[in-house]
Every structure is written in C-alpha cells, then in structure tokens.
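The values are calculated or read from the model by the stated rules, or taken from the named source; none is laboratory data. Because the structure is predicted, anything quoted here is derived from the model rather than measured. All Cβ positions, even for glycine, are placed from backbone atoms using ideal geometry, and neighbour counts span all protein chains on display. The area values use the complete protein model at the heavy-atom level, side chains included, leaving out ligands, DNA and RNA. Shrake-Rupley method; radii C 1.70, N 1.55, O 1.52, S 1.80 Å.
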Amino acid sequence: EHRQDSREHMVRESRQDRELGACPRESPAFHRLFTTLTITREPWSKQGAKDGAVGSGQGCASASSRAATTTTALFEPGRDGQTPQVVVLVGAPGMGKTTMVRKVMVEWAEGALHTQFDFVFCIDCKAIVLPMEASVADLVSQCCPGLPVPAGKILDDQKKILFIFDGFEALGFSLVQPKAELSSGPGEVKPLELTLMSLLKKTVLPKASLLITVRPTALRSLRQCLEGEYYVQIVEILGFSAARREEYFHRYFENPNKADMAFRFARGNEILYSLCVIPVMSWTICTILEQELSGKKNLLECSITTTGVMMFYLCHLLKHRDRDNPQVLQQFLLQLCSLAAEGIWKHKVLFEEKEIKDCGLDQTGLLPFFLSERIPKEEEDHGSTYAFTHLHLQEFFAAMFYILEDDGGVVSSLGRLEKDVNKLLESYKSRKDLNVTVLFLFGLVSQKSIEYMDKTIGCRISPQAREELLEWLQGRHRGLSHPGQAPKVSEMDTFHFLFEMNEKSFTQSVLGHFTDLDLQDTKLTLYNQVALSFCIQHWAGLGCVTLQGCSFHWQDPEAELDASVLCSGVSGAAGHPGALVVRRREELPCPIRLLCRALRHRDSALQVLRLRWCRLSESCCAELAALLAEHPGLAHLELADSSLGDSGVRLLCEGLRSPGCRLRILR
C-alpha cells in the first residue's frame, strides 16, 4: 500500500516535470513521437577498452545482434542467461540516451516495470551543482519531495530499486576517490561527489540496479568506477534503422502527405539521410522541413552539414522577429551565446531566472524559442529555471560565442569568459565533451557559413579563427608523429572537422603536410566514411593508408532499399544531392566502396594500402580489383584476417591480371 501511494505521488511528479533535453515537440505527445531505437547488447567483458570504439573489431553487427528494443528489455537476461545488475547505455550525443531514460520513467510510472522495480530514481549528471553534502536518502527525498513513505524505508528492499545516472561524462569531479571515504550506509551524509561515487562503486546499496548513460569517449573513465564482480551489460544505441527513420517522420508529421514529401527529400540526399540515424538530427530536420513545406521554398537549399542544419533552423526561428530592430536581435544572440559558452565550460545546463534577467535574455518574443522554462513545484522555494531546448543547441551557440563580432561591448553576467579560440582547442585535449562545440566552430567559419549568417539573420562572423583552426589541426598531428616516422593523421575527428567546413582549399592546407593516414579500432559508419572520403579526395600527398581493426558499416542490413551516396566528388558527376536513386538489396554497394572510389581520384599518390583485421568479405573484392587495375601507383596491399572466399580471390586476381596493375607486394 505504501509503495502504491508512493508510485501515485511520483507519477504526479513525473507528469508535472518537464525533463531536460526534451525536444519541444516531444513533451506534449511523448508517446506519439517515441520511436524504437536499434541497439546492440554485449557483456562488459567483451567490449574493447579503447575509448570511442564500442564494438570495434567485431565487424559489422549482424542482423540478429541488432535488436529494436523496448525499455522493459534493458534488464532482461542476456544470451548467456545472466541478469545484469548494471546496464551501461552508450551512444554519441543526440542518439537518444536521455529519451530512453524518459521512456523508462514513463513506463515505470504507468506500471510497465513493476515486476522489476518498485522505485526508479533519476540523477541528471548535467544538472549537479557542487559543492554540497547529501546522503543517498537525501537524494531520494530530493528526487521526490513529499513522499508518504520515509526514504529509509524505501531503500530497505535494494533489489527493487533502480538508480539512473543520465550523462555520466558530465560529472564535474574526480572519479578517483579513496575507498575508505566512500559511504557504507544510505544515511551517511558526505560531499555529494562521494555519495554519487558510493552508488557507482556499490559500497552503498550494493544490490540496487544502475542504468548509466554515457558517451563513448567516457567509457574508460566509467570503467574505473565499475570494478566489482557484479554483471554489467553494455547496450550501445545505434540510432534509427532505415525503417524507424521513416516511421519517425510519419510520427512527427500529422499530415501523411507532408510526411511522405519530407521523407522523400531526406531519403534522396544521402548525407542528410545518414544524419537521420541520429534521433536529434531527425527531429531537427523534421522541424526545418515542417516549416519549409508550409511555404514555397526550395527544399534542395537545405544544407547537408550539421552546422548547416543548425544555421538553417536558426534562420527560420528568427526570420520574422525583430526585423525592424536588428540591433536588439544581435544583442540578444550575443548574450545567448555568452550564456551557452559559460554553461559548456562549467558543465551547466540549468540557469536560474536571475541569470536570465541579468543577461538581458528575458524577452518574451525571443527567449521561448531557445530556452525552455522549468516551473518550480509547489514545495520548492526557488524561482523558475531555464535550459536550452537541446544540448546540441547550447553547444552550437557556445561555438558562435567565439566567432561572432560584437564590437567589444558584451560581457557575460556569469563571468568574464574570453573569446580565446586557442584556449578552447587546447582544452579539447582533456575535455572530449567539447567535441561538438569544436565541430560547430569549424562549420561556422566556412566561407559559406559566414555569407549565409550575414545574409539571413545579419550576424557577422569573424574569419580570424580560420588561421587558428588551421594551425591547431596541423600541430596536433605533428605532435602525434614520432621522430623519423612519416607525418600521419590518426584521429577520426580531424576528418569530421574538415568535412564540416567543407572547403577544398582549407582541407588541402591542413592535410598537405602529412603523407600517412593511420586509424585503429574505429567504427566507420556511413557518415564517417563520407567524411573520410571527402578528405582523401582532396589529399594529394597521401601515400600510405593503414586501417587496423576498423569495421565498415554501410546501411542497416534489414533495409530493402538503398539510395546511392550522393556526395560531390565521391559519386561522380551524376551525384546531385536531390536526385533519388533506388537500388534493390542485391545491388547494395560493398562496405569499402566509398574508400576505394576516393582513393582512385586522379591526383592520388597512394602507394601502400593496409586493411588489417577489418573483417573484409567477398563483397569487397570487386572494388579492390578495380582499385588495383586503375591505380598506377599502388604497389603494396595487405588484407590480413579477411574472409574473401574463393570467388572473392578470383575477383582479386582479375585486378592483379589487369595491364594497369602495378602491385609488387600482396599480403
């Protein structure tokens, strides 16, 4: 009876509260918009320890290991029969981790999880404010104030309790804490960081279950916390499958004709469509297309880069606001960017009402389009708090802070944050959570972006940061190359940054100082391959390519139809971004098609190609044979640990017999 009363109380809390990170369209109709995500599940011990390489070395996930899951299945026994006590939900930013957490809370509130858990408590790591002291019991009371049952009573049955840590990488304190200082009982009051670490290390409530969401780059840090003998399961979010992407468009648009039109547009632009695998990008693109479909604009004008999508969306938010007074809009954006940047530096996503007013952002005609208000509950004595409608928007405006011209008149009320691009880039070495902000920085200083922002919303972007970005990219890889070795590029994010800027001359300036490409244990998704191929085709001095333990992913194997990769310079002259080219499953290109086509560009200086432990199959041999036959400089090819089969080797031999083949070494 007590548990039922508590559930009813917490259901009311859940329904009244608007969770952080919710897209504006999700809150009023969460059930209608929630679309099942595709995941893989593996025990922790099977995962590689390398950050950002979840599942790498395993090859492409088979159709059987890609399961469209419900949240109730997260804690069900795995294939080995063991029931996980800790589930680690891994995904890149915007892949839907927080949405999955919200779904868990909703299903628990509706009773769908009652056989597994009596109580579910969610800790938003991004909203934690230090310093403060609290016990585990205090955390429970703060999660659900006014509970009819004492917190200590709730915590008696540990096995029926689930604690959720949403956004582990945002914890802004040291993860190395002496075990003697950790809590052993739920009533012990400790500094908050020690209390949270006690839950993670299970020195307190060891039989309770944990659900932890984390970005791939923070897996190594999380590994330091989860050192016990309990069973841990990794659940990696792969995003929307082809079918789920289309389903999301139809869920988003109430008019089926508009849904069909919007999806056909996104489906016909392969780069844009590949971004739709990320749920937040599907939401952003749907939001943009929804507004476009109500007018007569040409949908083909939509930019295909992440920054382009964000700029396009920003333009639409502002196109009818304060046109008569552009100075007001400019001042608002400058203060908004300052607020965003301060928050990113301080791991802060919640802002007090006073901060909003002090920044001059309390303008009813503009504020609701960027920040969502969290109204306090009756028993809370503080005022309203605000958060950006999505973390990616905060990261986008944080990047804008560094390059918007402001005549030196704007100073943040939160502090005196300098517009020091070099400091941001230097901090990125140790703070990988700045990745998206740095990515947007590259996209914003492209010549196309500078002209677009000035023309559409009157924002002046300083091109000064371009030289700093150029020097930083060149310098970071020089430092990674050992003396006496050929200068090489070995970080995948470099190719993302260059692709985001999308300028041939800048790419050539960065890569012209290097001769080798060396990637290890990297999952080469379609988007990664497009970014990599864009850079390779503008890399005239590339002589050696080494891909070791990398896995190539094309499209969801369950998809019956596939569109050609429509990328300038990769798919040829016919690759118009709006052209819809449909292929049957049996005509799907091989996983390394983009790589091989990019390596065949006319200025290629390639001599050595090493594809070690990349699990290549027979489907790759036709493209490899064409590369051998057509590339005049390729002299060295390694295909270690591949399963080419007899028919695959026959195809390879056709390339070797070609008069154009100059190969001298095959391993």
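In plain terms, the chain from residue 159 to residue 184 could stretch by 7.3 nm, reckoned as 0.36 nm per residue minus the Cα-Cα distance.
FRET efficiency for residue 460 and residue 357, Cβ-Cβ distance as r, R0 = 22 Å, nearest 0.05? Numbers along the way, then the final one.
Values: r = 27 Å, r/R0 = 1.21.
E between residue 460 and residue 357, to the nearest 0.05, is 0.25.
Once backbone amide H atoms are built at 1.01 Å from N, residue 113 has 108 as its partners under 5 Å, excluding neighbours fewer than 5 places away on the same chain. 3J(HN,Hα) along the stretch 461-470: 9, 7, x, 4, 5, 4, 5, 5, 5, 4 Hz, from the Karplus curve 6.51 cos²θ - 1.76 cosθ + 1.60 with θ = phi - 60°, whole Hz, x for Gly and Pro.
Using 31 Å as the Cα-Cα cut-off, could you pick out the over-long pairs in 354/429; 488/523; 159/190; 97/258; 201/488?
Working: 354/429 33 Å; 488/523 19 Å; 159/190 23 Å; 97/258 28 Å; 201/488 40 Å.
Going by Cα-Cα distance, 354/429; 201/488 fall outside the 31 Å limit.
For the stretch 326-472, the solvent-accessible area of protein heavy atoms averages 44 Å² per residue (probe radius 1.4 Å; ligands and nucleic acids excluded).
Surface composition of the stretch 416-501: carbon plus sulfur atoms hold 48% of the accessible area, using a 1.4 angstrom probe and ignoring ligands, DNA and RNA. Geometric descriptor of the stretch 326-472, per residue, is 113 Å³ (volume of the convex hull of the Cα atoms). In this calculation the C-beta distance from residue 229 to residue 476 is compared with R0 = 30 Å, giving a FRET efficiency of 0.15. For residue 291 and residue 602, FRET efficiency with R0 = 30 Å and r from the beta-carbon atoms, rounded to 0.05? E between residue 602 and residue 291, to the nearest 0.05, is 0.15.
Any chance you could run the full-extension gain for residue 221 through residue 654? It's 0.36 nm times the residue separation minus the Cα-Cα distance, nm to one decimal. Working shown, then result.
Working: separation 433, 0.36 × 433 = 155.88 nm, distance 4.85 nm.
That works out to 151.0 nm of additional length.
Spin-label pair residue 504-residue 250: with each label point 7 Å from Cα along the Cα-Cβ axis, the two points sit 4.2 nm from one another.
Peptides 428-441, 278-291 ranked from most to least packed give 278-291, 428-441, packing being the mean of other C-beta atoms within 10 angstrom over each peptide's residues.
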